[in-house]
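Everything on this sheet refers to the single structure shown next.
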Amino acid sequence: MTSTATPSDIISAIKAVVADAPRPVHLHEPYFAGNEAAYVTSCIDDGWVSSVGAFVDRFERDLASYCGAKYAAVMVNGTCAIHAALETLGIGEGDEVLIPSLTFVATANAVVHAGATPHFVEAETTSLGMDPVALQNYLHRIAAKENGKAVNKLTGRTIAALMPVHIFGHPCQVAALQHIAQEWNLHFLEDATEALGSTVGGSRVGSTHTAMFSFNGNKIITTGGGGAVTTNDEQFYRRLKHRTTTAKQPHAWAFGHDEVAFNYRMPNLNAALGCAQLEQLPRLLLAKRALAARYRAAFENIAGAHILPEPSGTTSNYWLVTLMTHGLDLESLLQQLHDEKLLCRPIWQPLHTLPMYAHHPRSDLAVTEQLARSIINLPSSVRLGLPYV
């Protein structure tokens, strides 16, 4: 084992895994090898290409069944799915939503779109998700229970919801976080936009709690652009569907709408693509796990660099394989990787350091900031793992 990982060590390990894959080796790419063309062509042939069509209903049924949830509502993207879920719960002006700072900006943006305030909390190193111990200690310092609500004593606003994120497909500590939400009477939603197919205790993410997914072009399955909410709450589901389909009242021809709402409907063309992609998901998950295993073996004897494993009691979809480094200049390393046409990337800039969120409420985020200096994502396309399944 080398004493210290060098950029050369890391480049050689990645090359050993991606082998003769065409350069550049992208971070992630969509993979189409099933009924995608046939289903999309049938939409074109039938003329049902927009927000009405059989594939929309089918994708919702298939997705709910796959996740183990009672209901799924598909939408135009994951940001809209998060926004719609928050708004449907009545979360808005005067409310704060607890979210990680170590996540994609869409998590915070959706909170703001709903009229609420993102409140950033600390990460932990096992899953990169929210740290429940740090969160509980923090809430006992800054929050109080008043009339059945959690109130931020520093801002006077209601802390209305807790929304953890499953980072890179690794499930966070859901049970502990849900317990905190129950203690403080917070709505509990899972930002599962990166975690389709991941499991916690044998149950798929999205089966137990309301969860939001993304089907962007870089996700494990894609609809081009798309998102969804899964839930077991029938009343919430019906309200969500109504408000994301322009609040149109059912009628054969009349256009009656009973409130100001959103047009977040997924087009039939996109849903057709999703149906075909979902059919292949079990094989894609095997490929992703095989790729992660090969990376893990490649870095096994390199000190100061290792592949982040899935947390105990979970299975990860390994959406993006994550390399944890120590003592390296990431900017220099990433430049060398890109020079080799290995298109790795850093983790997102912590949201509390972005100009529009710099003055939002936050806990101590020392671990978040340290992680941001330590992480890069490796090329993780499904096709890189398929030869090994």
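Shape class for the stretch 69-165, computed from the alpha carbon gyration tensor (a ≥ b ≥ c): oblate, with a/c not under 1.5 and a/b at or below b/c.
For the listed peptides 366-377, 118-129, 144-155, 46-57, a ranking on the average number of other beta carbons within 10 Å per residue, highest first, reads 118-129, 366-377, 46-57, 144-155. When each of the peptides 314-322, 177-185 is scored by the mean number of other C-beta atoms lying within 10 Å of its residues, the order from highest to lowest reads 314-322, 177-185. When you count the other C-beta atoms within 10 angstrom of each residue and take the mean per peptide, 248-256, 96-104 line up highest first as 96-104, 248-256.
Using a ≥ b ≥ c from the Cα gyration tensor of the chain (square roots of the eigenvalues), is it rounded, prolate or oblate, where a/c under 1.5 gives rounded and otherwise the larger of a/b and b/c decides, a/b for prolate? Because a/c hits 1.5 or more and a/b fails to exceed b/c, the chain counts as oblate. Subtracting the Cα-Cα distance of E234 and E93 from their residue separation scaled by 0.36 nm leaves 48.2 nm.
Determine, from the Cβ-Cβ distance of A247 and T125 and an R0 of 45 Å, the FRET efficiency 1/(1 + (r/R0)^6), rounded to the nearest 0.05.
Details: r = 44 Å, r/R0 = 0.98.
According to the calculation, E is roughly 0.55.
A Cβ-based charge dipole, computed about the Cα centre of the chain with Lys and Arg at +1 and Asp and Glu at -1, lands at about 300 debye.
The numbers here are math on the coordinates, done by the rules we state, and not lab data. Predicted model, so just to flag it, every value in this text is computed and none were measured. Note that each Cβ is placed from the backbone with ideal geometry, even for glycine, and that neighbours are counted across all protein chains shown.
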